[in-house]
Amino acid sequence: LGVNINGLSLNSQKKEKELQTLVEDHRPDVVCLAEVNVAWQNVEPDKQLDVRVSAWWPDAFTACAWYEGSPEAQTKQYQPGGVAIVVRQRDCVVDSGRDTRGLGRWVWVRIRQENDRHLTVVSAYRPVHNPNASFSVYSQQAEHFKNGSGNIQSQCPRQQFLIDLKSELKKFRDCDDEVSLFIDANGNVANPKTDLGRILKTYSLEETTIRKFGARSPPTHKRGSVPIDGLFLSNHVPVKKTGYLPFSDLSDHRPLFVDISAKTNDWKIIRFLFDLTIKYMSFDLVVD
């Protein structure tokens, strides 16, 4: 299950209770959150995410990422953007990681399945283009890239996001993992001709809800006209159920869900045929 939660308050449990209700009603095994808006390194131990979810998932594993690139990020609890993943059972998690630039753009968790197979779950947030807002996710990342931190190919945060995400997806593919990506793309995820659409197609990731609903896919933001949130999955993994949930007081974004089998036997034949298909294909595409 994935949702842009539009900020998690540290001083009120209202949204936390709404999230708990969503989880109890739909009983997911993994929850992906975008735009959490918390710099967890500055939060007291008793308010950390793992403590907050322990009331409903006592054995949960949590992984978070937030922007760490400014002096404010070292002291303030509020930090726009950021992502998180909560896994119901921590003993199935074998590894986790996050955006290595320290920008809080994505976080990932590697989950053990049967027959030594792994599913890597990613929660990602691509900033909306608003360079004039002084404390926005976009402007913070733009300032970071302007200062020349790291190997930068584009000073546009939205474009550099795609370049770096492509490199991350390649690592998962090289490990032969199945991949599930929840993303608030702040762009039309139903359009396969966008830069994001081409990259995800390169790595055989298919939006599960759009595969089901096609052109009838509803907007995922209350004020939107197209789906900007998506749940992408390795396209050879069979999907039991997928869809959108109604808008609620939890957020101005719809939650999305996908139900797949954890048993790799369910798709080993499909996987075999898929491996034969991609054996002679090249994946060295360039982001334009």
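The values are calculated or read from the model by the stated rules, or taken from the named source; none is laboratory data. Model, not experiment: these values are computed from the prediction. Backbone-built Cβ (ideal geometry, glycine too); neighbour counts: all protein chains shown.
I'd like the full set of residues that are of a type outside the set (Val, Ile, Thr), touching a Lys or Arg at 6+ places or on another chain (Cβ under 6 Å) and either surrounded by 18 or more Cβ atoms within 10 Å (Cβ to Cβ) or touching a residue at least 60 places away in the same chain (Cβ under 8 Å) (or both), limited to region 93-123. Outline the logic, then answer.
Let us first name the residues in region 93-123 that are of a type outside the set (Val, Ile, Thr), namely 95-99, 101-106, 108, 110, 112-119, 123.
Next, from what is left, pick out any that are touching a Lys or Arg at 6+ places or on another chain (Cβ under 6 Å): 95, 99, 114, 118.
Once the filter is applied, which keeps residues that are of a type outside the set (Val, Ile, Thr), touching a Lys or Arg at 6+ places or on another chain (Cβ under 6 Å) and either surrounded by 18 or more Cβ atoms within 10 Å (Cβ to Cβ) or touching a residue at least 60 places away in the same chain (Cβ under 8 Å) (or both), region 93-123 yields Asp99, Glu114, His118.
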Worksheet item: Applying the selection to region 148-207, what residues are in a helix (DSSP H, G or I), among the basic types (Lys, Arg) and either in contact with a Cys (Cβ under 8 Å, 6 or more places away or on another chain) or closer than 26 Å to His221 by Cα (or both)?
Response: Arg158, Lys166, Arg198, Lys201
Worksheet entry | Out of Ile210, Ile183, sole residue that is touching a strand residue (DSSP E or B) at 6+ places or on another chain (Cβ under 8 Å) and free of Cβ contacts under 8 Å to residues at least 24 places away in the same chain | Ile210
Practice prompt. From (1) under 16 Å from Asp177 (Cα atoms); (2) at pLDDT 90 or above; (3) not in a loop (DSSP other than H, G, I, E, B), pick out the condition that doesn't hold for Gly243.
Written response: (1)
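Scan region 87-98 and tell me whether some residue there is out of contact with any Phe, Trp or Tyr (no Cβ under 6 Å at 6 or more places or on another chain), under 25 Å from Ser234 (Cβ atoms) and assigned to a loop (DSSP other than H, G, I, E, B).
Yes.
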Item to complete: Please determine, by comparing only the residues of region 49-82 that are of a type in the set (Asp, Glu) and over 22 Å from Thr21 (Cβ atoms), which one is farthest from the chain's Cα centre (by Cα).
Response: Glu72
Discussion item. Could you check region 129-147 and list, in sequence order, the residues that are crowded, with 17+ Cβ neighbours inside 10 Å and of a type outside the set (Val, Ile, Thr)?
Written reply: Ser136, Tyr138, Ser139, Gln140, Gln141, Ala142, His144, Phe145
Item to complete: State which residue is surrounded by the fewest Cβ atoms within 10 Å (Cβ to Cβ) when the search covers only region 24-48 and only residues that are over 13 Å from Thr62 (Cβ atoms) and of a type in the set (A, V, I, L, M, F, W, C).
Response: Ala39
Worksheet, complete the sentence: Exactly one of Arg198, Arg126 is at pLDDT 95 or above and surrounded by 22 or more Cβ atoms within 10 Å (Cβ to Cβ), and that residue is Arg126
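So which of Asp252, Asp259 is surrounded by fewer than 22 Cβ atoms within 10 Å (Cβ to Cβ), within 16 Å of Asp29 (Cβ to Cβ) and either out of contact with any Asp or Glu (no Cβ under 9 Å at 6 or more places or on another chain) or at pLDDT 95 or above (or both)? Give the derivation first.
Numbers: Asp252 fails: within 16 Å of Asp29 (Cβ to Cβ).
Checking each option against the conditions leaves just Asp259.
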Worksheet item: Going through region 1-53 one residue at a time, which ones are assigned to a loop (DSSP other than H, G, I, E, B) and among the basic types (Lys, Arg)?
Response: Arg27
